[in-house]
Amino acid sequence: MDAGEQHYFVSPHVEYTQVEDGFVLMDLKAGTYLGLDPVASLIWESLSDHGSAERAADDVCRRFEVDRERALADVESWIVDLLERGLLTRQRQAPTESP
C-alpha cells in the first residue's frame, strides 16, 4: 500500500491571476513572472485547487485529447519544473483509511 500521495501547494511568495488565455504567475521573492499556455494553465489551476498530480492528469484528459499515461507524465514533468523554480511546494499526505 502506498505510504501517501504527494500533494502540491502554491508557494507562499507566489501570486497568480487568470488572463484571457491562461494564468500569469508572479514570484514575489524573485521578482519574476511566468505566463502559462492553456495546458500549463489547466494543470496550475487543478494543482492549486486540490494539489493532486493524479487529478490534474484527469483534468487534462477531460479537456484535451490525450491518453492518461501521457497526461500524467506531462503533469509530473511540469510539477518538477515548478518545484525547481520554487513556485510549488510539496507535502506527503497520509493515506485515508477505508471503513
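Exposed loop sites here mean GluC sites (Glu not before Pro) with a DSSP loop assignment and at most 14 other beta-carbon atoms within 10 Å; the chain contains its longest site-free run at 21-64.
Entry note, the chain: the mean residue ellipticity at 222 nm calculated from DSSP H runs of n ≥ 4, each adding -39500 (n - 2.57), is -13500 deg cm²/dmol after division by the residues and rounding to the nearest 500.
Between 0 and 90 degrees, the angle of helix 68-84 with respect to the longest Cα principal axis of the chain falls at about 50 degrees.
About its Cα centre, the dipole of the chain is roughly 280 debye, where the only charges are +1 on Lys and Arg Cβ and -1 on Asp and Glu Cβ. Tally the DSSP beta bridges in segment 1-54 and give the antiparallel ones as a percent, rounded to 5. Taking every DSSP beta bridge with both residues in segment 1-54, the antiparallel ones total about 100 percent. Taking Rg/Rh (Cα atoms, Kirkwood Rh) straight from the coordinates, which label in [x] 0.93; [y] 0.96; [z] 0.99 is the correct one? Correct label, based on the coordinates given: [z]. Computed from Cα atoms, the angle from the helix 38-50 axis to the main principal axis of the chain rounds to 60 degrees. With contacts taken as Cα pairs under 8 Å at a separation of at least 6 residues, the chain carries a relative contact order of 36 percent.
Only the coordinates and a few stated rules stand behind these numbers; no lab work does. Every value quoted in this text rests on a predicted model; they were computed, and no experiment measured them. FYI the Cβ positions are ideal-geometry reconstructions off the backbone, even for glycines, and counts take in every protein chain you see.
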